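What follows is a short report on a single structure.
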Amino acid sequence: MNLLLIVVGLGLLIFGGHWLLKSAVGFSLRLNIPKIIIGMTVVSFATSAPELIVSVKSALENHADIAFGNVIGSNIANLGFVLAITVMLSTISVEKSFYRTDWPVMMLASVLLYGFIAYDGILQSYEGVILVVFLIIFLVYLLKFQKNAVVEELDEEAENLPTFKIFLYFIIGGVALWGGSELLINGAVGMAKFYNVSERIIGVTIVSIGTSIPELAASVIAVLKKEKAISLGNLIGSNIFNILAVLGITSIITPIKVVDSGLLTNDIYWMLGTALIIFPLTFIPVKMKLSWKEGVILIFIYISFIFSTLLFK
């Protein structure tokens, strides 16, 4: 029953995120906001909505380990699982913005998160403000200096959405996100109790993989269609938003306290290590390309992370 709640909850989150995105983009285009700004702000926030809703509700309901586990696990899954599967299917080229902006900002955000929670195990509200301010600075920098680094596929049909459809999609998306988060959290907590494992383990495995499904689906579809819409920058951007937006906003609403020490003694180091190793992989053996060989390395890292998580329960 708990697994069914999780599956249905994830389905509603994916469904809700999709309709919220259509509504947000449609509304932004109605206001004549330039697409580049929509891509960097509206689209990014809308696609992070499932993780944000799950993390906020988890923290408010005293399930902080699901909130932390969701983000930390998703960041590892985006690189060790989603990127691995993508490059195993097709070699992708790495843009110059990767080592100029994307990777340094992701590493800085990751190290900042580590610094905030490593010693007291709490992400305080003022630390959340720092994360969100960092995000705003990053977005302003992209807008002014690296517009071409942002690759977002906006739905052209959104331009023709009538007002009533924009609000209808917003309501449907919002309700689906709320209902999905309720079911997902209840299922995750129930599964943790049933199998007598920590909420952290459920958070960094089942919940995080589930919230990474949209990225995986988009990546595989892009590869099968031989499109170049998917890039390393997109996944790194998702990781940056997970830390700065999801955990930043969540901790502003309510401070998040780590309950299971495994998050600090194991999981956070895997997140840092996975992010760190991406840099040399983009230069070895072929410069600025990721192929199936790097994919095998990344998937091995991800499997090792899952095993280490089960050992540190």
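Given their separation in residues at 0.36 nm each and the Cα-Cα distance between them, LEU311 and SER93 gain 74.9 nm when the chain is fully extended. Each residue in THR274, THR282 was given a count of other beta-carbon atoms within 10 angstrom of its own, and listing them fewest first yields THR282, THR274. If R0 is 30 Å, the Cβ-Cβ spacing of PHE145 and VAL286 corresponds to a FRET efficiency of close to 0.60. In this rough spin-label picture, where each label sits 7 Å from Cα along the Cβ direction, the ASN186-MET1 distance is 1.0 nm. Once both labels are positioned 7 Å from their Cα atoms along Cα-to-Cβ, the gap between VAL296 and VAL111 label points is 3.3 nm.
With neighbour counts taken as other beta-carbon atoms within 10 Å, the residues LEU135, LEU31, LEU13 rank, fewest first, as LEU31, LEU135, LEU13.
Rounded, prolate or oblate: pick one for the chain, where a ≥ b ≥ c are the square roots of the eigenvalues of its C-alpha gyration tensor, a/c under 1.5 means rounded, and failing that, prolate if a/b is larger than b/c, else oblate.
Numbers: a/c = 1.39, a/b = 1.08, b/c = 1.28.
The shape class here is rounded.
Placing R0 at 30 angstrom, the Cβ-Cβ distance between ILE277 and VAL8 gives a FRET efficiency of 0.25 after rounding to 0.05.
Listed by Cβ neighbour count within 10 Å, with the fewest neighbours leading, HIS63, HIS18 appear as HIS18, HIS63.
Helix-only mean residue ellipticity at 222 nm, the chain, DSSP H runs n ≥ 4 weighted -39,500 (n - 2.57), per residue, nearest 500. What is it? Show your work: numbers first, answer last.
On the way: 15 runs with 205 residues, N = 313.
Counting only the DSSP helices, I get -21000 deg cm²/dmol.
Rule-based calculations on the coordinates, nothing more; no lab input. Note that the coordinates shown come from a computational prediction; the quantities given were computed from them, not determined experimentally. Every residue, glycine among them, receives a Cβ derived from its backbone with ideal geometry; neighbour counts consider all protein chains shown.
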